[in-house]
């Protein structure tokens, strides 16, 4: 289940704020989130050589997730993949728990129950 969650990409559209230069920040939208990073839809093309950071809020969770990032890929229409470089351990745990819950919601009930029973052993 851990491996499945690691590669799980949760489709989610929430506002995100990307810092490409100090102190400038621009708003964009998330496309999906995983344990390792976030895909965003940005109107501004990001220069991959600049240090960047991203912040966003997860639905139904207080506070924001913040991490320095690096651009992994960019695609047509302003799609950009950002890899998390410095998530605080508390935020990493919060993100992992949130993703586990979202993954559980996507599985058929009988499969989710099986994973829950195995993880309790």
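Enumerate the residues in region 10-43 having an amide nitrogen under 17 Å from the point lying 7 Å beyond the Cα of residue 92 toward its Cβ.
34-38
Tell me, what is the FRET efficiency for residue 76 and residue 105 to the nearest 0.05, using R0 = 30 angstrom and their Cβ-Cβ distance as r?
Efficiency, from the Cβ-Cβ distance: 0.50.
Mind ranking 31-40, 55-64, 94-103 by how tightly packed they are, going by the mean number of other C-beta atoms within 10 angstrom, highest first?
In descending order of packing, they fall as 31-40, 94-103, 55-64.
No value in this document is a laboratory result; all are computed from the given coordinates. Everything numeric here is computed off the predicted structure, so don't read it as measured data. So basically every Cβ, Gly included, is an ideal-geometry build from the backbone, and we count neighbours across all protein chains shown.
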